[in-house]
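Engineer: Mind having a look at this structure? Questions to follow.
The values are calculated or read from the model by the stated rules, or taken from the named source; none is laboratory data. Remember, it's a predicted structure, so these values are computed and weren't measured experimentally. So basically every Cβ, Gly included, is an ideal-geometry build from the backbone, and we count neighbours across all protein chains shown.
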Amino acid sequence: MRVLLASPRGFCAGVNMAIDSLELALKAFGAPIYVYHEIVHNRHVVEHFRSKGVVFLDSLEDAPVGSTLLFSAHGVSPEVRAKAKARQLTAIDATCPLVTKVHLEAIKYAKEGRTIVLIGHQGHDEVIGTMGEAPEAILLVESPEDVDALEVANPEHMAYLTQTTLSVDDTSRIIARLRERFPLIAGPAKSDICYATQNRQEAVAKLSAEADVTLVLGSQNSSNSQRLAELSKERGVAAYLVDGPQDVRPEWLEGAETVLVTAGASAPETVVDAMLDYLKETFGATVEPRLVREESVSFPLPKELRQLASS
């Protein structure tokens, strides 16, 4: 078996920043540290921090008054921030700057009185946070069919935004349909889909053409990881999203001469290493690293932690 190891893969700059923030907060303030929702959508990362005394919660009422709270990489609504302040929580904001960009765009368009169409997945943490910036103004769509069903008061005064972790191809189709129905719709000057999501999708699009099977390391609730598996399947190559080698069924790889291995933006490199070890031991695999695009992006720590990091 030949394994094509995709690069870029795994942690993006936003995930690195959020994880570094939580590690530093633990060191500075000690356990327990409370995190609103999962720090990133990955089971291994969440379990790692739980073992260190981090408490992940879905309701701020579960955080003791005056305790330390970290907002995850996915961002939160103004309502959540207000609740944290009311409970006198020491809040550390580890929202990815690319998600913050979308929030600021939502605020801008809402102030202009536009109806905002948000392209995203219902119930995703990032979508909930973005919609919370202007709940009266935002309509959520997930498909071109949803666009067809839209009814707006002023079709000439609209804007669109997108979740940062979507499929580039799917999003382009939805935006095209929006522009067909609403020719005057405004949009961001630069795509909201993050650089890492696009790069990982580009790698799968190019490399899956050489593969018989694609293995994507990532958790089921990771939107960007799901998109990687879907992208391979759309190109006729079987794909499986797994947390690690323990989830692989040997029959998936029967007769496979070339396997593409990649990882979503919230999956740690340790699970990639474990998968490669499994493929070597079980199938005698040889690994061929394949670089599709260089990445050199990094984001600063939250301002609440920068002084601690330098001391």
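Engineer: Residues of the range 48-88 being more than 18 Å from residue 125 (Cβ to Cβ) and surrounded by 19 or more Cβ atoms within 10 Å (Cβ to Cβ), which ones?
Structural biologist: 68 - this is the single residue of the range 48-88 that is more than 18 Å from residue 125 (Cβ to Cβ) and surrounded by 19 or more Cβ atoms within 10 Å (Cβ to Cβ).
Engineer: May I ask you to list the residues in the range 1-41 that are without any contact (Cβ under 8 Å) to a residue 12 or more places away in the chain and in the same structural domain as residue 259 (by TED's automatic domain parsing)?
Structural biologist: Those that are without any contact (Cβ under 8 Å) to a residue 12 or more places away in the chain and in the same structural domain as residue 259 (by TED's automatic domain parsing): none in the range 1-41.
Engineer: Please state which one of 249, 177 is of a type outside the set (A, V, I, L, M), in the same structural domain as residue 123 (by TED's automatic domain parsing), surrounded by fewer than 20 Cβ atoms within 10 Å (Cβ to Cβ) and farther than 26 Å from residue 17 by Cβ. Steps first, answer last, please.
Structural biologist: Values: 249 fails: in the same structural domain as residue 123 (by TED's automatic domain parsing).
Testing whether each residue is of a type outside the set (A, V, I, L, M), in the same structural domain as residue 123 (by TED's automatic domain parsing), surrounded by fewer than 20 Cβ atoms within 10 Å (Cβ to Cβ) and farther than 26 Å from residue 17 by Cβ leaves just 177.
Engineer: I want to confirm something. Restricting to the range 296-307 and keeping residues that are surrounded by fewer than 16 Cβ atoms within 10 Å (Cβ to Cβ) and of a type outside the set (Lys, Arg), which single residue is farthest from residue 215 (Cα to Cα)?
Structural biologist: Quick first cut of the range 296-307, residues surrounded by fewer than 16 Cβ atoms within 10 Å (Cβ to Cβ) only: 296-298, 300, 303, 306-307.
Next cut, of a type outside the set (Lys, Arg) only: 296-298, 300, 307.
Details: 296: 25, 297: 25, 298: 27, 300: 32, 307: 40 Å.
Checked the range 296-307; the qualifying residue farthest from residue 215 (Cα to Cα) is 307.
Engineer: Checking residue 98 against (1) in contact with a strand residue (DSSP E or B) (Cβ under 9 Å, 6 or more places away or on another chain); (2) crowded, with 22+ Cβ neighbours inside 10 Å; (3) under 26 Å from residue 296 (Cβ atoms): exactly one of these is not met. Which one?
Structural biologist: Unmet condition: (1).
Engineer: Residues to consider are 257, 295; find the one that is charged (D, E, K, R) and either in the same structural domain as residue 24 (by TED's automatic domain parsing) or in contact with a Pro (Cβ under 7 Å, 6 or more places away or on another chain) (or both). Please lay out each step first, then the result.
Structural biologist: On the way: 257 fails: either in the same structural domain as residue 24 (by TED's automatic domain parsing) or in contact with a Pro (Cβ under 7 Å, 6 or more places away or on another chain) (or both).
Testing whether each residue is charged (D, E, K, R) and either in the same structural domain as residue 24 (by TED's automatic domain parsing) or in contact with a Pro (Cβ under 7 Å, 6 or more places away or on another chain) (or both) leaves just 295.
Engineer: Select from the range 20-47 the residues that are under 16 Å from the mean Cα position of the chain (by Cα) and either among the aliphatic types (A, V, I, L, M) or surrounded by fewer than 16 Cβ atoms within 10 Å (Cβ to Cβ) (or both) and list them in ascending order. Break it down stepwise before answering.
Structural biologist: The first filter runs over the range 20-47 and keeps only residues under 16 Å from the mean Cα position of the chain (by Cα), leaving 36-46.
Passing the criteria: 39, 40, 45, 46.
Engineer: Same structure again: Could you grab me the full set of residues in the range 242-268 that are under 16 Å from the mean Cα position of the chain (by Cα) and not hydrophobic (A, V, I, L, M, F, W, C)?
Structural biologist: 243, 262, 264, 266, 268
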